[in-house]
Amino acid sequence: MKAYTESELPKTRYKNCLTRNGYLSGPRRGEVVENPLGGPEPRVLWLRGDQSSPPRGNVVVGVIGVLVAVCVVLGIVAISLSQCSSEGVIDSPRVCLSDQCVRTAASLLAAMDQNVDPCVDFFQFACGTWNKMHLIPEDRSSISVFEVLSDQLQVILKGVLEEPYNDEDSQATKKAKLFYRTCMDIKQIRKVGDKPLRDALDRFGGWPVVVGANWTPPSTSLEHLLGMLRGLYNEVVIIEQWVGPDDKNSSANIVQLDQMNLGLPSRDYYLKPSSEADYLAAYHKYMTEVAILLGADPATAAMELMEVIQFEKKLANASLPQADRHDTSSIYRKMTIKHLKSLVPQIDWLEYLNTFLSSPVEETETVVAYAMPYFVQMGKIISESNIKVIYNYVLWRLVMTVSPHMIDDYQAKHTEFRRILQGIQSERNRWSQCVDWTNKKMGMAVGALYIKRNFNQNSKETALEMIHTIREAFNELLEENHWMDNETRAVAKEKANAMNERIGYPELLTNPEELNKEYVMLNITEDQFLENVFNIFHYDALHNLQQLGQPVNKDKWSTEPAIVNAFYNPNKNDIVFPAGILQPLFYSQHFPKSLNYGGIGVVIGHEITHGFDDKGRQFDKDGNMMQWWNNATIREFRDRAQCFIDQYNRYKLEQVDQFVNGRMTQGENIADNGGLKQSYRAYKKWVTQNGEEPRLPGINLTHDQLFFLNYAQIWCGTMRPEDALTKIRSAVHSPGPIRVIGPLSNSKDFSRAYSCPLGSPMNPTSKCSVW
């Protein structure tokens, strides 16, 4: 190796050269080595100013340290060296070579399949290697970036839940730790066995299929049974019921009624002939085997429970498909209980409600019903069905809810059922299940433990700043939206500006006294896990039902902070970004802005757009359902929404030979497309104000291209065929590959960034756009 002064270097100019501050600039003094990638031209290894010593420790050793930590960076450094040649010009883009930049570049490169043309299949280009390297675990039906991030979060939650009680613990966090501990106490769970479930069934006169020929209907009514299950165990069967904000008066809580969630993921599993052989048969088998474990006669249980399957099929047929329920205003019916009784006389609605409501209601009480066609048909089905079949079905749904929490034989039957339904081969680790249950059932208490050492307050401030810039971009796009009339556009701006931002966690989590009040009604025992599960069911029911008659608390969070997700609440006009999503790939304080805007920025834009999608547009800035658009603008919106429906209807998941349901997924598709456009505009405005950032090393992409790459890599993942079928049939989100291809093929910004020819798969001539 030979050192050269500037005057001794060849009379050419260099580009992409390492300097001691980690960026590119013209050389002043350098050491030239033989090209490590071959070829006749020398490459500059490092450069320094005239007065400085060679920065071996700062650059060479520093980079080598990163190489040890992230092996893939070997290729990055080699590429960087190869680009530092005498063919370049001195004013080429700067490159960041900090540890964080190297690691970030390595992560992006490690996921990509650069053999794929990004203008042909950007999902494969962005995620091809990630998908090959991440095999679906035996205990999962899919693997995705979301799931990997959730797994990492679970490990952190496991750590905080397993910590012994300490002086910082509140009564609430102690209850969360105790619940987790009883969940992990397999020896004690085995000792107690299934007695708590048997006792619960006995409270209702026993499960008919288990009691056998001696079963007689209880003296109380079916409405009493349904009401007791709702009040004691939060189990809603046949009738979905909850207390929540009235869609037309979001400041008042009201009793709400809807069609129930079925035992299988969607009505298609009951009604499509192709499902009967596999899924319904597996469902029936699971039902029968669990009944036998509880004492049913093996000789008669299967035949008796086949009648239950036929009963649920009738209810499934009476239910409305999810794709037909997006227009909230068309299914909303507000009426008195007396009026509801006149429409569905087979159900004593007053007795049903007064069984579990803490304050009795009269027949003049108003309720909101979202499924009148279902209720009318359900009443007829009830009146025509054998009471034993109905009781068998209703109590089966309680058993089905409880049995996944059980172990040994019950767990084996549940795993076998999930193998058919979801394609999984084994059950998850017990600790993973227990963390999941604790977080879902006691999310605020777990969140209080999580944020103490795992949430950076700076991320909250950055997210808030990004929300403001992306909302500003949305408002700018509104101005360019020529299909809206001026009056509606002005009101839309008001709604966007009125959105409440919920970032990280509620302040409740830092106030032990207030947090304890949240769980004062919850009793957690030392050694009875299944009893604790029942206690949480009861707590959940009380927590919801006590809201009747109380004003809506619009500042209250409704989701746990330690979750990788984000939400829009139309009744509160809230956008919510829990602490769990403020992490890479979505966000990092060390990321270039291009990646943060392509990650959490698009998520922010997505949630803002939900306020203006097919459902959100029906609610005003105060969260009340009303028509604040004129009819002409509504027609224009529907025409543009239909473009998305038609586009997504054409996407096919080859592994199950099924097309995406464009109607059912339209709200999420509109939000994906709108969020992408808003965040990119906000990012470009940031660049205008702050200048281009240094490029990442070894990855030959501009920051505009990196924006779209990071967006795509959020959706890396693969599914088993069973899971793909479930998503096609019941999910309101399009599958991951479609969430990449759909929005990007509609984006002119993407096509410009990647120079995709017009008419190429990722740059079709016909594009859809609403916002």
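The values are calculated or read from the model by the stated rules, or taken from the named source; none is laboratory data. From a predicted model like this one, the values you see are computed outputs, not experimental measurements. Quick reminder, even Gly has a Cβ in these numbers, built from the backbone with ideal geometry, and neighbours come from all protein chains shown. Protein only, heavy atoms only, side chains kept; ligands, DNA and RNA dropped before computing areas. Shrake-Rupley method; radii C 1.70, N 1.55, O 1.52, S 1.80 Å.
Note on region 304-317: residues that are open to solvent by less than 50 Å² (accessible area, probe 1.4 Å), of a type outside the set (Gly, Ala, Ser) and under 36 Å from the mean Cα position of the chain (by Cα) amount to 7. Residues in region 214-258 that are more than 28 Å from the chain's Cα centre (by Cα) and either without any contact (Cβ under 8 Å) to a residue 24 or more places away in the chain or part of a helix (DSSP H, G or I) (or both): 15 in all.
Per-residue answers, yes or no, for (1) open to solvent by 30 Å² or more (accessible area, probe 1.4 Å); (2) within 30 Å of TYR269 (Cβ to Cβ); (3) modelled with pLDDT under 95; (4) charged (D, E, K, R):
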{"site": "VAL687", "(1), (2), (3), (4)": "no, no, yes, no"}
{"site": "GLU692", "(1), (2), (3), (4)": "yes, no, yes, yes"}
{"site": "CYS716", "(1), (2), (3), (4)": "no, yes, no, no"}
{"site": "GLU722", "(1), (2), (3), (4)": "yes, yes, yes, yes"}
{"site": "LYS727", "(1), (2), (3), (4)": "yes, yes, yes, yes"}
{"site": "SER745", "(1), (2), (3), (4)": "no, no, no, no"}
{"site": "SER751", "(1), (2), (3), (4)": "no, no, no, no"}
{"site": "SER766", "(1), (2), (3), (4)": "yes, no, yes, no"}
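Among the residues of region 135-158, those identified as within 14 Å of CYS434 (Cα to Cα) and aliphatic (A, V, I, L, M) are LEU153, VAL155, ILE156, LEU157. Residues in region 740-771 that are under 28 Å from the mean Cα position of the chain (by Cα) and among the aliphatic types (A, V, I, L, M): VAL740, ILE741, LEU744, MET762, VAL770.
For the residues ALA301, ALA323, the requirement of being surrounded by 19 or more Cβ atoms within 10 Å (Cβ to Cβ), out of contact with any Asp or Glu (no Cβ under 8 Å at 6 or more places or on another chain) and not β-branched (Val, Ile, Thr) singles out ALA301. Does region 439-457 contain any residue that is under 20 Å from the mean Cα position of the chain (by Cα), among the basic types (Lys, Arg) and under 29 Å from ILE189 (Cβ atoms)? Checking region 439-457: at least one residue is under 20 Å from the mean Cα position of the chain (by Cα), among the basic types (Lys, Arg) and under 29 Å from ILE189 (Cβ atoms). In region 292-304, the residues that are of a type in the set (Phe, Trp, Tyr) never reach a residue that is assigned to a helix (DSSP H, G or I) and open to solvent by 50 Å² or more (accessible area, probe 1.4 Å) with C-beta atoms less than 6 angstrom apart, at least six apart or across chains. Select from region 400-428 the residues that are touching a helix residue (DSSP H, G or I) at 6+ places or on another chain (Cβ under 6 Å) and within 26 Å of TRP215 (Cα to Cα) and list them in ascending order. Passing the criteria: VAL402, SER403, ASP409, TYR410, LYS413. Can you find a residue that is surrounded by 18 or more Cβ atoms within 10 Å (Cβ to Cβ), within 27 Å of GLN411 (Cβ to Cβ) and more than 22 Å from the chain's Cα centre (by Cα) anywhere in region 541-563? Yes; the residues of region 541-563 include at least one that is surrounded by 18 or more Cβ atoms within 10 Å (Cβ to Cβ), within 27 Å of GLN411 (Cβ to Cβ) and more than 22 Å from the chain's Cα centre (by Cα). For GLU472, are the conditions met, namely being over 17 Å from GLY675 (Cβ atoms) and either touching a residue at least 60 places away in the same chain (Cβ under 8 Å) or surrounded by fewer than 17 Cβ atoms within 10 Å (Cβ to Cβ) (or both)? Spelling it out, it is not the case that GLU472 is over 17 Å from GLY675 (Cβ atoms) and either touching a residue at least 60 places away in the same chain (Cβ under 8 Å) or surrounded by fewer than 17 Cβ atoms within 10 Å (Cβ to Cβ) (or both). Out of the residues in region 570-605 that are touching a His at 6+ places or on another chain (Cβ under 9 Å) and of a type outside the set (Lys, Arg), state the one that is nearest to ASP620 (Cα to Cα). Residue satisfying both the conditions and the ranking: PRO570.
Listed by first and then second residue, the pairs with beta-carbon distance under 9 Å, at least 6 apart or on different chains, first residue in region 613-634 and without any contact (Cβ under 8 Å) to a residue 12 or more places away in the chain, second among the charged types (D, E, K, R) and buried (at least 19 other Cβ atoms within 10 Å of the Cβ), are ILE634/ARG617. Being of a type in the set (S, T, N, Q) and either free of Cβ contacts under 8 Å to residues at least 24 places away in the same chain or surrounded by fewer than 21 Cβ atoms within 10 Å (Cβ to Cβ) (or both) is a property that THR665 lacks. Read through the list (1) under 23 Å from the mean Cα position of the chain (by Cα); (2) surrounded by 20 or more Cβ atoms within 10 Å (Cβ to Cβ), then give the number of the only condition that ASN500 fails. It is condition (2) that ASN500 fails. From the list ASP169, ASP117, which one is more than 23 Å from the chain's Cα centre (by Cα), assigned to a loop (DSSP other than H, G, I, E, B) and surrounded by 16 or more Cβ atoms within 10 Å (Cβ to Cβ)? Exactly one of ASP169, ASP117 is more than 23 Å from the chain's Cα centre (by Cα), assigned to a loop (DSSP other than H, G, I, E, B) and surrounded by 16 or more Cβ atoms within 10 Å (Cβ to Cβ), namely ASP169.
Within region 478-497, being out of contact with any Leu (no Cβ under 9 Å at 6 or more places or on another chain), within 22 Å of TYR683 (Cα to Cα) and open to solvent by 20 Å² or more (accessible area, probe 1.4 Å) holds for GLU479, GLU480, ASN497. Of the residues in region 333-345, at least one is within 21 Å of ARG397 (Cβ to Cβ), open to solvent by less than 50 Å² (accessible area, probe 1.4 Å) and in contact (Cβ under 8 Å) with a residue 24 or more places away in the chain. Could you go through region 272-281 and let me know if any residue there is closer than 30 Å to PHE619 by Cβ and open to solvent by 20 Å² or more (accessible area, probe 1.4 Å). No, region 272-281 has no match at all. Being at pLDDT 90 or above, within 18 Å of ALA562 (Cβ to Cβ) and surrounded by 15 or more Cβ atoms within 10 Å (Cβ to Cβ) is a description that applies to SER432. Listed by first and then second residue, the pairs linking a residue in region 355-379 that is in contact (Cβ under 8 Å) with a residue 60 or more places away in the chain to a residue that is of a type in the set (Asp, Glu), with Cβ atoms under 6 Å apart and 6 or more places separating them unless they lie on different chains, are TYR370/ASP258; ALA371/ASP258.
Would you check if VAL102 is out of contact with any helix residue (DSSP H, G or I) (no Cβ under 8 Å at 6 or more places or on another chain) and modelled with pLDDT of 50 or more? Against the criterion (out of contact with any helix residue (DSSP H, G or I) (no Cβ under 8 Å at 6 or more places or on another chain) and modelled with pLDDT of 50 or more), VAL102 does not qualify.
Residues checked against (1) open to solvent by less than 10 Å² (accessible area, probe 1.4 Å); (2) closer than 30 Å to ARG103 by Cβ:
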residue	(1), (2)
THR510	no, no
GLU514	no, no
PRO570	no, no
PHE577	yes, yes
PHE591	no, yes
HIS606	no, yes
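Any residue at all in region 742-754 that is in contact with a strand residue (DSSP E or B) (Cβ under 9 Å, 6 or more places away or on another chain), part of a helix (DSSP H, G or I), more than 20 Å from TRP130 (Cα to Cα) and touching a residue at least 12 places away in the same chain (Cβ under 8 Å)? No, that holds for no residue.
Here VAL552 clears all of (1) farther than 27 Å from PHE455 by Cβ; (2) modelled with pLDDT under 90 except the condition numbered (2). Condition check: part of a helix (DSSP H, G or I), surrounded by fewer than 20 Cβ atoms within 10 Å (Cβ to Cβ), of a type outside the set (Lys, Arg) and at pLDDT 95 or above. Does GLN705 satisfy that? The answer is yes for GLN705. Looking at ASN535, is it in contact (Cβ under 8 Å) with a residue 40 or more places away in the chain and open to solvent by 10 Å² or more (accessible area, probe 1.4 Å)? No: the conditions fail for ASN535. Among the residues in region 629-645, are any outside any helix (DSSP H, G or I) and closer than 21 Å to LYS495 by Cβ? Yes.
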